[in-house]
1. Just the accessible area per residue of the protein assembly as shown, please: how many Å² with a 1.4 Å probe?
2. Take A:Asp195, A:Asp84 and sort them by solvent-accessible surface of the protein heavy atoms, 1.4 Å probe, largest at the top.
3. Provide, as a two-decimal number, the C-alpha radius of gyration of the stretch A:246-293 over 2.2 N^0.38 Å, N being how many residues it has.
4. Net charge near A:Phe325: determine it from the other residues with C-beta under 11 Å of the C-beta of A:Phe325, scoring Lys and Arg +1 and Asp and Glu -1.
5. Quick one: how many lysine pairs in chain A have C-alpha atoms under 17 angstrom apart, if they're 8 or more apart or on different chains?
6. Using a 1.4 angstrom probe with every protein chain in place, what is the largest-first accessible-area order of A:Trp186, A:Trp391, B:Trp40?
7. Give, in nm to one decimal, the length gained when the segment between A:Asp79 and A:Phe376 is fully stretched (0.36 nm per residue of separation minus the Cα-Cα distance).
8. DSSP loop (so not H, G, I, E, B), at most 15 other Cβ within 10 Å: list which trypsin sites (Lys or Arg not before Pro) in the stretch A:277-333 pass both filters.
Amino acid sequence: MRQAVAVAVTKHRLDSAVLQKLPTDSPVVASLGAAIASLPTYQKAFADAPPAFTEVGLRYSHYTEDSLDKDLLVFGDRDRYDIDVTQLWIEAPVGGAWSVAFDVQNDSMSGASPWFVGTNLDGEPGVIMSGASIQDNRVEVGVTTRYFWADGNAGFNVTHSDEDDYEALAFSFDAAWNSDDNSRTWSASASTSDDSVAPVKEAIPVFIDQEELDTQSLYFGVSQVLTSTSIVRVGLSYTISDGYLTDPYKLADQRPSEHERVTLNTGYRQYFVEAGGALKMDYRFYNDDWGTDSHTLEVAWQQSLGRHSLTPYLRYYSQSQADFFSVIADTSTDFYADDYRLSSYGAITAGLRGTVMIGDWEVEGQLERYDSDNSFSLYGGDAAPGLVDFWRATVGVTLRFD
Amino acid sequence: MRLLRWVAMVTLLSSTVGCSNIEAVPAWERGYLAEPGMQWELSRREAKFAGHVYTSKEASSGGSGAAGGGCGCN
(Lines give C-alpha, C1' and ligand atoms only; values in the text may rest on other atoms or scores of the structure.)
Protein backbone atom coordinates (compact mmCIF):
# COMPACT_ATOMS: atom_id res chain seq x y z
CA MET A 1 0.00 0.00 0.00
CA ARG A 2 2.81 2.35 0.91
CA GLN A 3 4.43 1.76 -2.45
CA ALA A 4 1.12 2.11 -4.28
CA VAL A 5 0.41 5.48 -2.73
CA ALA A 6 3.93 6.69 -3.37
CA VAL A 7 3.66 5.67 -7.02
CA ALA A 8 0.28 7.35 -7.22
CA VAL A 9 1.75 10.59 -5.94
CA THR A 10 4.59 10.45 -8.42
CA LYS A 11 2.26 10.04 -11.37
CA HIS A 12 0.38 13.18 -10.95
CA ARG A 13 -2.99 13.39 -12.53
CA LEU A 14 -5.03 10.32 -11.81
CA ASP A 15 -3.22 10.02 -8.55
CA SER A 16 -4.18 13.40 -7.26
CA ALA A 17 -7.83 12.52 -7.71
CA VAL A 18 -7.26 9.28 -5.83
CA LEU A 19 -5.35 10.94 -3.07
CA GLN A 20 -7.78 13.76 -2.63
CA LYS A 21 -10.52 11.26 -1.96
CA LEU A 22 -8.59 9.96 1.03
CA PRO A 23 -9.64 11.59 4.29
CA THR A 24 -6.86 13.73 5.68
CA ASP A 25 -7.09 11.86 8.96
CA SER A 26 -6.60 8.57 7.17
CA PRO A 27 -3.98 6.51 9.01
CA VAL A 28 -2.44 5.73 5.64
CA VAL A 29 -2.03 9.39 4.82
CA ALA A 30 -0.91 10.21 8.33
CA SER A 31 1.73 7.53 8.36
CA LEU A 32 2.99 8.42 4.91
CA GLY A 33 2.70 12.17 5.17
CA ALA A 34 6.33 12.86 5.86
CA ALA A 35 7.51 10.39 3.25
CA ILE A 36 5.15 11.81 0.62
CA ALA A 37 6.18 15.35 1.44
CA SER A 38 9.78 14.48 0.84
CA LEU A 39 9.17 12.97 -2.58
CA PRO A 40 10.65 15.10 -5.38
CA THR A 41 7.38 15.11 -7.28
CA TYR A 42 6.39 18.61 -8.20
CA GLN A 43 8.93 19.65 -10.72
CA LYS A 44 9.32 23.31 -11.63
CA ALA A 45 6.67 24.58 -9.25
CA PHE A 46 9.27 23.74 -6.63
CA ALA A 47 12.94 22.94 -6.80
CA ASP A 48 13.44 20.13 -9.27
CA ALA A 49 14.27 16.49 -8.85
CA PRO A 50 16.68 14.93 -11.33
CA PRO A 51 14.90 14.01 -14.56
CA ALA A 52 13.53 10.48 -14.42
CA PHE A 53 14.21 9.90 -18.13
CA THR A 54 16.73 10.69 -20.79
CA GLU A 55 15.22 13.18 -23.23
CA VAL A 56 16.23 13.73 -26.84
CA GLY A 57 14.49 16.42 -28.87
CA LEU A 58 14.49 18.13 -32.24
CA ARG A 59 12.55 21.28 -33.16
CA TYR A 60 12.33 23.23 -36.38
CA SER A 61 10.88 26.74 -36.57
CA HIS A 62 10.32 29.03 -39.53
CA TYR A 63 10.12 32.76 -38.85
CA THR A 64 9.07 35.12 -41.63
CA GLU A 65 8.56 38.87 -41.49
CA ASP A 66 5.94 40.58 -43.64
CA SER A 67 7.24 42.62 -46.54
CA LEU A 68 7.42 46.34 -45.85
CA ASP A 69 4.32 48.22 -46.98
CA LYS A 70 5.14 49.90 -50.30
CA ASP A 71 3.81 53.22 -48.96
CA LEU A 72 6.50 53.12 -46.26
CA LEU A 73 9.38 52.28 -48.59
CA VAL A 74 11.59 54.99 -50.05
CA PHE A 75 14.29 52.79 -51.52
CA GLY A 76 15.42 49.17 -51.50
CA ASP A 77 13.93 45.72 -51.27
CA ARG A 78 10.58 45.37 -49.48
CA ASP A 79 11.32 41.81 -48.41
CA ARG A 80 12.49 41.45 -44.81
CA TYR A 81 13.90 38.61 -42.76
CA ASP A 82 13.26 34.88 -43.01
CA ILE A 83 14.90 32.71 -40.38
CA ASP A 84 15.04 28.93 -40.14
CA VAL A 85 15.81 27.73 -36.64
CA THR A 86 16.77 24.18 -35.69
CA GLN A 87 17.09 23.14 -32.06
CA LEU A 88 18.58 19.80 -30.99
CA TRP A 89 19.10 18.69 -27.41
CA ILE A 90 19.74 15.77 -25.13
CA GLU A 91 19.19 15.86 -21.40
CA ALA A 92 19.95 12.95 -19.10
CA PRO A 93 20.20 12.07 -15.42
CA VAL A 94 23.70 11.25 -14.23
CA GLY A 95 24.00 9.22 -11.06
CA GLY A 96 21.34 9.91 -8.47
CA ALA A 97 21.76 13.64 -8.05
CA TRP A 98 22.99 15.19 -11.29
CA SER A 99 21.72 15.94 -14.76
CA VAL A 100 23.47 17.13 -17.90
CA ALA A 101 21.88 18.88 -20.88
CA PHE A 102 23.51 19.56 -24.23
CA ASP A 103 21.80 22.04 -26.57
CA VAL A 104 22.64 22.99 -30.15
CA GLN A 105 20.77 25.65 -32.12
CA ASN A 106 21.29 26.76 -35.71
CA ASP A 107 19.72 29.95 -37.11
CA SER A 108 19.86 30.48 -40.86
CA MET A 109 18.90 34.06 -41.73
CA SER A 110 18.34 35.88 -45.00
CA GLY A 111 16.68 39.13 -46.02
CA ALA A 112 16.98 42.88 -45.68
CA SER A 113 16.50 45.26 -42.78
CA PRO A 114 15.90 49.01 -42.44
CA TRP A 115 19.09 51.04 -43.02
CA PHE A 116 17.74 54.46 -42.14
CA VAL A 117 14.55 56.56 -42.24
CA GLY A 118 14.25 59.43 -44.68
CA THR A 119 11.36 61.11 -46.47
CA ASN A 120 9.50 60.20 -49.63
CA LEU A 121 8.45 62.60 -52.39
CA ASP A 122 5.43 63.67 -50.31
CA GLY A 123 7.66 64.54 -47.37
CA GLU A 124 6.40 61.59 -45.31
CA PRO A 125 8.87 59.39 -43.36
CA GLY A 126 9.86 56.26 -45.21
CA VAL A 127 12.39 53.47 -44.92
CA ILE A 128 15.56 53.01 -46.94
CA MET A 129 16.29 49.29 -46.78
CA SER A 130 19.71 47.68 -46.63
CA GLY A 131 19.64 46.78 -50.33
CA ALA A 132 20.91 43.35 -51.25
CA SER A 133 19.72 40.43 -49.17
CA ILE A 134 21.96 39.63 -46.20
CA GLN A 135 22.83 35.99 -45.49
CA ASP A 136 23.96 34.92 -42.04
CA ASN A 137 24.18 31.75 -40.00
CA ARG A 138 24.31 31.48 -36.22
CA VAL A 139 25.34 28.38 -34.29
CA GLU A 140 24.80 28.21 -30.55
CA VAL A 141 26.09 25.41 -28.33
CA GLY A 142 25.24 25.17 -24.65
CA VAL A 143 25.98 22.74 -21.83
CA THR A 144 24.13 22.73 -18.52
CA THR A 145 24.99 20.65 -15.49
CA ARG A 146 22.65 20.55 -12.53
CA TYR A 147 22.94 19.17 -9.01
CA PHE A 148 19.91 18.23 -6.94
CA TRP A 149 19.53 17.83 -3.22
CA ALA A 150 16.55 17.32 -0.93
CA ASP A 151 15.55 20.98 -0.73
CA GLY A 152 16.67 22.41 -4.04
CA ASN A 153 18.95 22.38 -7.04
CA ALA A 154 21.72 24.40 -8.63
CA GLY A 155 22.83 24.60 -12.24
CA PHE A 156 25.77 25.91 -14.21
CA ASN A 157 25.54 26.74 -17.91
CA VAL A 158 28.04 27.76 -20.53
CA THR A 159 26.84 28.86 -23.97
CA HIS A 160 28.81 29.87 -27.03
CA SER A 161 27.17 31.62 -29.97
CA ASP A 162 28.91 32.30 -33.24
CA GLU A 163 27.74 33.99 -36.45
CA ASP A 164 29.47 35.85 -39.26
CA ASP A 165 29.52 39.16 -37.45
CA TYR A 166 28.88 38.35 -33.79
CA GLU A 167 30.39 36.04 -31.20
CA ALA A 168 29.28 35.58 -27.59
CA LEU A 169 30.42 33.47 -24.67
CA ALA A 170 28.06 33.38 -21.69
CA PHE A 171 28.20 31.72 -18.28
CA SER A 172 25.32 31.47 -15.86
CA PHE A 173 24.68 30.02 -12.43
CA ASP A 174 21.25 29.48 -10.93
CA ALA A 175 19.87 27.94 -7.76
CA ALA A 176 16.46 27.18 -6.28
CA TRP A 177 15.64 26.06 -2.79
CA ASN A 178 12.43 25.19 -0.92
CA SER A 179 10.94 26.20 2.38
CA ASP A 180 10.60 23.47 5.00
CA ASP A 181 6.96 22.80 4.09
CA ASN A 182 7.69 22.87 0.32
CA SER A 183 5.17 25.67 -0.17
CA ARG A 184 7.65 28.31 -1.19
CA THR A 185 10.61 28.25 -3.55
CA TRP A 186 13.27 30.92 -3.78
CA SER A 187 15.29 31.11 -6.95
CA ALA A 188 18.26 33.20 -7.98
CA SER A 189 20.59 33.40 -10.95
CA ALA A 190 23.60 35.34 -12.14
CA SER A 191 25.06 35.46 -15.61
CA THR A 192 27.77 37.13 -17.60
CA SER A 193 28.21 37.41 -21.35
CA ASP A 194 31.31 38.50 -23.26
CA ASP A 195 30.32 39.57 -26.79
CA SER A 196 32.27 40.70 -29.82
CA VAL A 197 30.76 42.35 -32.92
CA ALA A 198 32.65 42.53 -36.22
CA PRO A 199 30.26 43.76 -38.93
CA VAL A 200 30.36 42.24 -42.40
CA LYS A 201 31.13 44.93 -44.95
CA GLU A 202 29.05 43.91 -47.93
CA ALA A 203 25.60 45.31 -48.68
CA ILE A 204 25.93 48.60 -46.81
CA PRO A 205 28.84 50.66 -45.46
CA VAL A 206 29.78 50.13 -41.82
CA PHE A 207 32.19 52.23 -39.80
CA ILE A 208 33.75 49.88 -37.28
CA ASP A 209 35.99 46.82 -37.55
CA GLN A 210 35.41 45.14 -34.20
CA GLU A 211 33.91 46.18 -30.88
CA GLU A 212 33.24 44.50 -27.52
CA LEU A 213 30.25 44.29 -25.21
CA ASP A 214 30.01 42.89 -21.66
CA THR A 215 26.70 42.09 -19.98
CA GLN A 216 25.98 41.01 -16.41
CA SER A 217 22.58 39.98 -15.10
CA LEU A 218 21.04 39.09 -11.72
CA TYR A 219 17.67 37.55 -10.98
CA PHE A 220 15.82 36.83 -7.75
CA GLY A 221 12.36 35.29 -7.51
CA VAL A 222 9.93 33.60 -5.16
CA SER A 223 7.07 31.23 -5.93
CA GLN A 224 4.35 30.38 -3.44
CA VAL A 225 1.70 27.64 -3.42
CA LEU A 226 -1.59 29.37 -2.62
CA THR A 227 -4.05 26.47 -2.77
CA SER A 228 -4.10 22.93 -4.11
CA THR A 229 -4.87 24.40 -7.56
CA SER A 230 -3.06 27.72 -7.65
CA ILE A 231 0.45 29.07 -7.43
CA VAL A 232 1.97 32.52 -7.83
CA ARG A 233 5.45 33.90 -8.33
CA VAL A 234 7.20 37.24 -8.41
CA GLY A 235 10.72 38.05 -9.55
CA LEU A 236 13.11 40.93 -10.09
CA SER A 237 15.96 41.13 -12.56
CA TYR A 238 18.78 43.59 -13.07
CA THR A 239 20.98 43.70 -16.16
CA ILE A 240 23.84 45.99 -17.11
CA SER A 241 25.63 46.12 -20.44
CA ASP A 242 28.86 47.99 -20.99
CA GLY A 243 30.50 48.45 -24.39
CA TYR A 244 29.36 48.80 -27.98
CA LEU A 245 25.54 49.00 -28.05
CA THR A 246 25.10 50.86 -31.33
CA ASP A 247 23.66 48.99 -34.31
CA PRO A 248 26.50 49.00 -36.86
CA TYR A 249 24.09 48.29 -39.74
CA LYS A 250 22.11 51.50 -39.21
CA LEU A 251 23.33 54.65 -40.92
CA ALA A 252 22.12 57.02 -38.20
CA ASP A 253 22.59 55.20 -34.92
CA GLN A 254 24.65 56.31 -31.93
CA ARG A 255 23.74 54.86 -28.55
CA PRO A 256 25.20 55.24 -25.04
CA SER A 257 27.90 52.73 -24.10
CA GLU A 258 26.08 51.64 -20.97
CA HIS A 259 22.59 50.21 -20.59
CA GLU A 260 20.95 49.38 -17.25
CA ARG A 261 17.57 47.69 -17.12
CA VAL A 262 15.34 46.24 -14.42
CA THR A 263 12.25 44.07 -14.63
CA LEU A 264 9.51 43.10 -12.25
CA ASN A 265 7.78 39.94 -13.39
CA THR A 266 4.84 38.07 -11.90
CA GLY A 267 3.08 34.85 -12.80
CA TYR A 268 -0.07 33.03 -11.72
CA ARG A 269 -1.34 29.54 -12.51
CA GLN A 270 -4.84 28.27 -11.72
CA TYR A 271 -5.96 24.72 -12.43
CA PHE A 272 -9.64 24.08 -13.12
CA VAL A 273 -10.43 20.52 -12.12
CA GLU A 274 -13.78 20.18 -13.89
CA ALA A 275 -12.46 21.60 -17.15
CA GLY A 276 -9.16 19.73 -16.95
CA GLY A 277 -7.23 22.82 -17.95
CA ALA A 278 -4.99 25.51 -16.52
CA LEU A 279 -5.10 29.28 -16.81
CA LYS A 280 -1.63 30.80 -17.15
CA MET A 281 -1.06 34.52 -16.65
CA ASP A 282 2.24 36.38 -16.68
CA TYR A 283 3.05 40.07 -16.46
CA ARG A 284 6.37 41.91 -16.77
CA PHE A 285 7.20 45.55 -16.17
CA TYR A 286 10.46 46.75 -17.72
CA ASN A 287 12.39 49.98 -17.16
CA ASP A 288 15.78 51.08 -18.46
CA ASP A 289 18.07 54.09 -18.28
CA TRP A 290 17.54 54.89 -21.96
CA GLY A 291 14.04 56.10 -21.06
CA THR A 292 12.07 53.05 -22.14
CA ASP A 293 9.32 51.47 -20.04
CA SER A 294 7.28 48.52 -21.17
CA HIS A 295 4.41 46.29 -20.10
CA THR A 296 4.03 42.68 -21.22
CA LEU A 297 0.94 40.60 -20.44
CA GLU A 298 0.61 36.97 -21.48
CA VAL A 299 -2.48 34.81 -21.02
CA ALA A 300 -2.81 31.15 -22.01
CA TRP A 301 -5.21 28.29 -21.47
CA GLN A 302 -3.57 24.86 -21.47
CA GLN A 303 -6.25 22.22 -22.03
CA SER A 304 -5.37 18.62 -21.21
CA LEU A 305 -6.83 16.08 -23.64
CA GLY A 306 -5.79 12.78 -22.09
CA ARG A 307 -2.04 12.67 -22.67
CA HIS A 308 -2.31 15.39 -25.31
CA SER A 309 -2.74 19.14 -24.88
CA LEU A 310 -3.93 22.22 -26.72
CA THR A 311 -2.86 25.72 -25.68
CA PRO A 312 -4.21 28.92 -27.24
CA TYR A 313 -2.39 32.01 -26.00
CA LEU A 314 -2.32 35.80 -26.32
CA ARG A 315 0.44 38.27 -25.59
CA TYR A 316 0.17 42.04 -25.38
CA TYR A 317 3.29 44.23 -25.37
CA SER A 318 3.65 48.01 -25.19
CA GLN A 319 6.77 50.14 -24.89
CA SER A 320 7.62 53.83 -24.70
CA GLN A 321 10.31 55.27 -26.93
CA ALA A 322 13.94 55.74 -25.91
CA ASP A 323 15.04 59.27 -25.00
CA PHE A 324 17.25 59.56 -28.09
CA PHE A 325 14.82 58.04 -30.60
CA SER A 326 13.22 60.11 -33.31
CA VAL A 327 11.41 58.97 -36.45
CA ILE A 328 14.17 60.62 -38.52
CA ALA A 329 17.38 60.57 -36.50
CA ASP A 330 18.60 63.90 -35.17
CA THR A 331 22.34 63.51 -35.69
CA SER A 332 23.11 66.88 -34.09
CA THR A 333 22.74 65.33 -30.60
CA ASP A 334 25.19 63.08 -28.71
CA PHE A 335 22.96 60.04 -29.05
CA TYR A 336 20.42 59.34 -31.78
CA ALA A 337 18.57 56.46 -33.42
CA ASP A 338 15.74 55.87 -35.88
CA ASP A 339 15.53 52.14 -35.09
CA TYR A 340 11.85 51.15 -34.89
CA ARG A 341 12.75 48.85 -31.98
CA LEU A 342 13.38 51.96 -29.85
CA SER A 343 10.11 53.68 -30.84
CA SER A 344 6.80 53.81 -29.02
CA TYR A 345 4.52 51.01 -30.16
CA GLY A 346 2.40 48.09 -29.08
CA ALA A 347 2.27 44.51 -30.31
CA ILE A 348 -0.24 41.68 -30.11
CA THR A 349 0.72 38.03 -30.45
CA ALA A 350 -1.85 35.28 -30.94
CA GLY A 351 -0.80 31.65 -31.04
CA LEU A 352 -1.85 28.05 -30.75
CA ARG A 353 0.31 25.21 -29.48
CA GLY A 354 -0.53 21.51 -29.46
CA THR A 355 1.23 18.39 -28.18
CA VAL A 356 0.39 14.78 -29.01
CA MET A 357 1.85 11.76 -27.23
CA ILE A 358 2.52 8.67 -29.33
CA GLY A 359 4.06 6.04 -27.10
CA ASP A 360 7.25 7.56 -25.69
CA TRP A 361 7.25 10.25 -28.38
CA GLU A 362 5.86 13.74 -27.93
CA VAL A 363 5.02 15.60 -31.14
CA GLU A 364 4.51 19.36 -30.90
CA GLY A 365 3.22 21.98 -33.29
CA GLN A 366 2.84 25.72 -32.86
CA LEU A 367 1.70 28.66 -34.97
CA GLU A 368 2.02 32.29 -33.96
CA ARG A 369 1.21 35.70 -35.43
CA TYR A 370 2.82 38.97 -34.24
CA ASP A 371 1.36 42.35 -35.23
CA SER A 372 2.81 45.67 -34.08
CA ASP A 373 1.51 49.19 -34.50
CA ASN A 374 2.06 52.61 -32.96
CA SER A 375 -1.68 52.83 -32.25
CA PHE A 376 -1.48 49.70 -30.04
CA SER A 377 0.82 51.50 -27.61
CA LEU A 378 -0.13 52.69 -24.15
CA TYR A 379 2.38 55.50 -24.61
CA GLY A 380 2.51 58.57 -26.81
CA GLY A 381 5.13 59.02 -29.50
CA ASP A 382 5.43 59.19 -33.26
CA ALA A 383 4.99 56.11 -35.42
CA ALA A 384 8.17 54.53 -36.77
CA PRO A 385 7.70 53.36 -40.37
CA GLY A 386 9.78 50.20 -39.97
CA LEU A 387 7.68 48.29 -37.43
CA VAL A 388 7.73 44.54 -37.99
CA ASP A 389 4.96 41.94 -38.25
CA PHE A 390 5.76 38.24 -38.51
CA TRP A 391 4.54 34.66 -38.62
CA ARG A 392 6.24 31.83 -36.80
CA ALA A 393 5.59 28.09 -37.12
CA THR A 394 7.24 25.29 -35.14
CA VAL A 395 7.19 21.51 -35.29
CA GLY A 396 9.13 19.21 -33.01
CA VAL A 397 9.54 15.73 -31.60
CA THR A 398 10.82 14.65 -28.20
CA LEU A 399 11.67 11.10 -27.15
CA ARG A 400 11.93 10.11 -23.48
CA PHE A 401 13.35 6.77 -22.43
CA ASP A 402 14.96 5.05 -19.44
CA MET B 1 21.66 53.64 -9.57
CA ARG B 2 19.26 51.00 -10.74
CA LEU B 3 21.36 48.28 -9.09
CA LEU B 4 20.87 49.79 -5.64
CA ARG B 5 17.14 50.13 -6.23
CA TRP B 6 17.06 46.55 -7.44
CA VAL B 7 18.86 45.30 -4.30
CA ALA B 8 16.44 47.28 -2.14
CA MET B 9 13.46 45.74 -3.95
CA VAL B 10 14.90 42.24 -3.58
CA THR B 11 15.37 42.84 0.14
CA LEU B 12 11.84 44.17 0.46
CA LEU B 13 10.45 41.28 -1.55
CA SER B 14 12.29 38.73 0.58
CA SER B 15 11.12 40.23 3.84
CA THR B 16 7.53 40.65 2.63
CA VAL B 17 7.29 37.07 1.47
CA GLY B 18 8.93 35.88 4.66
CA CYS B 19 6.25 37.58 6.73
CA SER B 20 3.32 36.24 4.74
CA ASN B 21 1.14 33.73 6.50
CA ILE B 22 -0.29 31.35 3.90
CA GLU B 23 -1.45 27.99 5.15
CA ALA B 24 0.63 25.18 3.68
CA VAL B 25 -1.17 22.82 1.31
CA PRO B 26 -0.63 19.20 2.42
CA ALA B 27 1.61 17.20 0.13
CA TRP B 28 -1.17 14.75 -0.75
CA GLU B 29 -3.32 17.58 -2.13
CA ARG B 30 -0.71 18.88 -4.57
CA GLY B 31 -1.31 16.60 -7.51
CA TYR B 32 -2.96 19.28 -9.65
CA LEU B 33 0.01 21.57 -9.11
CA ALA B 34 2.10 19.06 -11.06
CA GLU B 35 -0.14 19.24 -14.14
CA PRO B 36 1.74 20.30 -17.30
CA GLY B 37 -0.43 23.42 -17.54
CA MET B 38 0.70 24.55 -14.11
CA GLN B 39 4.37 24.81 -15.09
CA TRP B 40 5.83 28.28 -15.57
CA GLU B 41 7.00 27.57 -19.13
CA LEU B 42 5.24 25.88 -22.04
CA SER B 43 8.54 24.10 -22.60
CA ARG B 44 12.12 25.09 -21.84
CA ARG B 45 13.19 25.17 -25.50
CA GLU B 46 10.09 27.08 -26.54
CA ALA B 47 10.75 29.65 -23.82
CA LYS B 48 14.34 30.03 -25.01
CA PHE B 49 13.31 30.41 -28.62
CA ALA B 50 10.47 32.87 -27.97
CA GLY B 51 12.62 34.89 -25.59
CA HIS B 52 15.29 35.28 -28.26
CA VAL B 53 12.75 36.37 -30.89
CA TYR B 54 11.16 39.00 -28.65
CA THR B 55 14.49 40.28 -27.34
CA SER B 56 15.68 40.72 -30.93
CA LYS B 57 12.58 42.63 -32.05
CA GLU B 58 11.67 44.68 -28.97
CA ALA B 59 13.54 47.10 -26.71
CA SER B 60 12.84 45.06 -23.58
CA SER B 61 14.63 42.02 -22.25
CA GLY B 62 15.06 40.13 -19.02
CA GLY B 63 12.74 38.74 -16.40
CA SER B 64 13.11 35.07 -17.20
CA GLY B 65 16.37 34.28 -15.48
CA ALA B 66 19.87 34.49 -16.81
CA ALA B 67 20.88 36.48 -19.90
CA GLY B 68 23.23 35.60 -22.74
CA GLY B 69 23.20 33.82 -26.05
CA GLY B 70 24.37 35.94 -28.95
CA CYS B 71 22.73 38.45 -31.21
CA GLY B 72 20.77 37.30 -34.26
CA CYS B 73 19.14 40.68 -34.05
CA ASN B 74 18.91 42.22 -37.51
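The values are calculated or read from the model by the stated rules, or taken from the named source; none is laboratory data. Please read these numbers as outputs of a predicted model, since none were measured by experiment. Please note: Cβ atoms are built from the backbone with ideal geometry, for glycine as well, and neighbour counts cover all protein chains shown. Note: accessible area is taken over every heavy atom of the protein model, side chains too, but ligands, DNA and RNA are not part of it. Shrake-Rupley method; radii C 1.70, N 1.55, O 1.52, S 1.80 Å.
1. 45 Å²
2. Final ranking, largest accessible area leading: A:Asp84, A:Asp195.
3. Compared with the compact-globule rule of thumb, the stretch A:246-293 sits at 2.00.
4. Working: positive: A:Arg255, A:Arg341; negative: A:Asp253, A:Asp323, A:Asp330, A:Asp338, A:Asp339, A:Asp382.
For residues surrounding A:Phe325, the net value is -4.
5. Within chain A, the lysine pair count is 4.
6. Sorted descending by solvent-accessible area, the residues read A:Trp391, A:Trp186, B:Trp40.
7. Stretched fully, the A:Asp79-A:Phe376 segment lengthens by 104.5 nm.
8. Those satisfying the criteria are A:Arg307.
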